[in-house]
Amino acid sequence: LTRLASDYGDVAHFQLANEHVVLLNHPDYIYDVLVRQAGSLVKGRSMQVARRVLGNGLLTSEDPYHRQQRRITQPAFHQQRISAYADVMIHHAVRTSSRWQPESTIDVNREMMGVTLGIIAETLFGATLQDEASAIWAAMTETMEYLNLVRLPFGELLMRLPAPPTRRAARARARMDDSVARMVGARRENRAAAHSDLLETLLSARTEDGAALSDAQVRDEVITIFLTGHETVAVALTWTWYLLAQHPDVEARLHAEVDSVLDSRPPCAARLSELRYTRMVLAESMRLYPPAWAVARRAATDIRVGSYDLPAGTLLLASQFVTHRDARFFPRPERFDPGRWSRDVGDGHGAPGGDHHPRLAYFPFGGGPRACIGEGFAWTEAILVLAVLARGWRLRRISRQPVELHPLVSLRPKHDVQMRLERR
Ligand code: HEM
């Protein structure tokens with residue numbers, strides 16, 4: 001995609017099998033598609049495939065159903081609720097920090113996945129259902145591996161054959177559905193106990209005509225949030241450790257901040273706005289390594305983007321990875337420089353991508369009506385986990401080889417990222 005953008009400019013057309021794809025490489029066009037003309041576009045092909053696992057949840061559904069689901073799910077993501085989840089986030093980070101051993105070697109991505117899995121499981125289902133959550137995650141991983149088939153030529157065809165991966169994925173999906181059904185069933189029978197997790201928000205949600213969500217609707221949203229809310233944050237943290245290990249000056253500034261903010265006081269949500277530089281480090285890390293590396297939309301009607309008339313059915317692609325590394329919007333784009341976000345972050349609450357850069361030149365969380373509902377959750381989690389761990393530990397790379405990219409559902413590192421733990 002990077003090569004296409006540099007060879008063909010802001011609008012690049014290519015054909016993939018019999019599909020016409022248009023890659024948009026200018027923030028104005030990206031804004032046009034994700035925000036201004038959002039009503040004329042639907043989700044792309046991969047989401048239609050993802051529906052086989054996620055069902056008709058927030059990520060995969062279309063309007064008007066999507067609008068209703070977004071409205072009733074939104075309360076679970078209000079800042080107040082997220083602040084309440086902060087203690088869970090800190091607890092899991094502290095637990096990881098106490099488990100780590102000086103001079104031992106860890107696979108950072110695996111460790112970060114462990115922390116974020118614990119956090120999403122507890123904020124979603126409550127502390128008591130952790131084992132069930134691990135079973136769901138194992139089944140989901142298997143199903144997602146199957147979904148990656150779509151990236152191979154003829155992948156969609158393969159998925160319709162009764163081949164071993166298809167059968168395995170069907171079994172994994174059945175296991176996942178059983179676990180979720182058990183959890184939802186148990187909770188429905190035990191509503192009297194005070195629960196303040198995401199599952200409770202879903203069970204108390206009411207549509208405009210006062211109806212509660214059906215078990216199938218709850219299942220789809222639970223699976224969706226479980227998937228979207230976990231791996232993305234883990235890879236953001238993994239790439240951040242990787243970058244910090246290569247930039248001692250940035251690492252030193254981060255340490256100075258976490259030492260002064262977290263010194264002698266237990267971390268809590270109220271400290272979040274003081275962790276300004278930590279936020280800038282994460283913003284810059286998600287610029288270079290955006291966990292969601294591309295978004296796709298299909299034109300539902302004929303549309304016009306810039307001076308181009310595009311027929312209904314055209315697949316439009318915008319890549320965070322490509323746009324975030326465009327020198328027109330980010331001078332010296334290959335440089336890891338958290339300082340470029342100082343004005344955006346402002347008093348410590350600001351979200352990068354605001355007034356100081358062209359809108360949607362930076363869009364790790366997408367944009368418009370389908371933008372990430374978990375953005376506030378993700379910032380809070382990533383900042384707190386990074387701060388708590390960086391307060392106690394320095395991570396050193398073992399290999400000098402650059403880590404290769406593995407752009408699957410999220411932008412994973414291709415191999416393990418082995419690092420040595422040094423106590424600070
Ligand atoms: C660094 C972490 C994260 C990144 C980079 C990220 C990125 C994104 C992006 C780019 C989209 C839009 C996809 C599109 O336009 O097709 C999205 C949607 C979504 N994200 Fe996130 N996300 C992150 C964390 C989370 C978390 C923590 C949650 C939940 C706890 C979450 C839940 C969702 C949901 C439910 C949607 C679908 C929203 C809708 O269509 O209404 N995400 N995310």
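Take the alpha carbon atoms of the stretch 249-313, find their center, do the same for the stretch 220-238, and report the distance between the two centers in whole angstrom.
Each part reduced to its Cα centre gives a spacing of 15 Å.
Place a +1 charge on the Cβ of each Lys and Arg in the stretch 207-356 and a -1 charge on the Cβ of each Asp and Glu, then give the dipole magnitude about the Cα centre in debye, rounded to the nearest 20.
520
Using a basic spin-label model with each label point 7 Å from the Cα along Cα→Cβ, how many nm lie between GLU334 and SER260?
Distance between the two pseudo-spin positions: 3.3 nm.
Could you order peptides 378-388, 170-180, 47-57, 300-310 by the average number of other Cβ atoms within 10 Å of their residues, highest first? Can you show the working numbers first?
Working: 378-388: 24.7, 170-180: 17.6, 47-57: 19.9, 300-310: 13.8.
Highest to lowest by the protection proxy: 378-388, 47-57, 170-180, 300-310.
May I ask you to give the percent of accessible area on the chain that is carbon plus sulfur, with a probe radius of 1.4 Å?
Working: 9890 of 18880 Å².
Carbon and sulfur together cover 52 percent of it.
Want the number for SER307 to LEU405: 0.36 nm per residue separation, take away the alpha-carbon distance, what's left?
Details: separation 98, 0.36 × 98 = 35.28 nm, distance 3.39 nm.
Once the chain is fully extended between SER307 and LEU405, it gains 31.9 nm.
Is the C-alpha gyration tensor of the stretch 293-339 telling us rounded, prolate or oblate? Criteria: a/c under 1.5 is rounded; beyond that, a/b larger than b/c is prolate, otherwise oblate.
Working: a/c = 5.07, a/b = 2.57, b/c = 1.98.
Since a/c reaches 1.5 and a/b is larger than b/c, the shape of the stretch 293-339 is classed as prolate.
Any idea of the accessible area per residue across the stretch 264-394, 1.4 Å probe, to the nearest Å²?
On the way: 4840 Å² over 131 residues.
Here the per-residue accessible area is 37 Å².
By the gyration tensor of its Cα atoms, with a ≥ b ≥ c the square roots of the eigenvalues, what is the shape of the chain: rounded for a/c under 1.5, prolate for a/b over b/c, or oblate?
Verdict is rounded for the chain.
Given that compact globular proteins tend to follow 2.2 N^0.38 Å, what is the ratio of the alpha-carbon Rg of the stretch 181-225 to that value? Each step should come with its number before you reach the end.
Values: Rg = 10.3 Å, N = 45, 2.2 N^0.38 = 9.3 Å.
Dividing the Cα Rg of the stretch 181-225 by 2.2 N^0.38 Å gives 1.10.
If you scale each eigenvalue of the Cα gyration tensor by 5 and take the root, what three semi-axes come out for the stretch 66-126, rounded to whole angstrom and sorted largest first? Write down the numbers at each step before the final one.
Values: eigenvalues 185, 33, 12 Å².
They are 30, 13, 8 Å, listed largest first.
Hey, any idea what Rg/Rh is for the stretch 208-354, computing Rh the Kirkwood way over Cα pairs?
Working: Rg = 20.0 Å, Rh = 18.6 Å.
Computed over Cα atoms, the ratio is 1.08.
What residues qualify as long-range amide H neighbours of TRP393, i.e. H under 5 Å apart, gap of 5 or more or another chain, H built at 1.01 Å from N?
For TRP393, whose amide H was placed from the backbone, the distant partners under 5 Å are ARG424.
Efficiency by 1/(1 + (r/R0)^6): what FRET value for PHE14 and ASP177, r their Cβ-Cβ distance, R0 = 35 Å, to the nearest 0.05? Before the final figure, lay out the partial values.
Details: r = 38 Å, r/R0 = 1.07.
Plugging the Cβ-Cβ distance into 1/(1 + (r/R0)^6) gives 0.40.
Net charge near ALA170, counting Lys/Arg +1 and Asp/Glu -1 over other residues with Cβ under 11 Å of its Cβ? Each step should come with its number before you reach the end.
Numbers: positive: ARG52, ARG167, ARG168, ARG171, ARG173, ARG175; negative: GLU142, ASP177.
For residues surrounding ALA170, the net value is +4.
Would you work out the charge dipole size for the chain about its Cα centre, treating the Cβ of every Lys and Arg as +1 and the Cβ of every Asp and Glu as -1, and quote it to the nearest 20 debye?
Here the chain has a charge dipole of around 500 debye.
Give me the distance in nm between label points sitting 7 Å out from Cα along the Cα-to-Cβ direction at GLU208 and GLU103, one decimal.
Result: 6.6 nm between the two label points.
The values are calculated or read from the model by the stated rules, or taken from the named source; none is laboratory data. Every value quoted in this text rests on a predicted model; they were computed, and no experiment measured them. Please note: Cβ atoms are built from the backbone with ideal geometry, for glycine as well, and neighbour counts cover all protein chains shown. Accessible surface areas use protein heavy atoms only, side chains included; no ligands, DNA or RNA. Shrake-Rupley method; radii C 1.70, N 1.55, O 1.52, S 1.80 Å.
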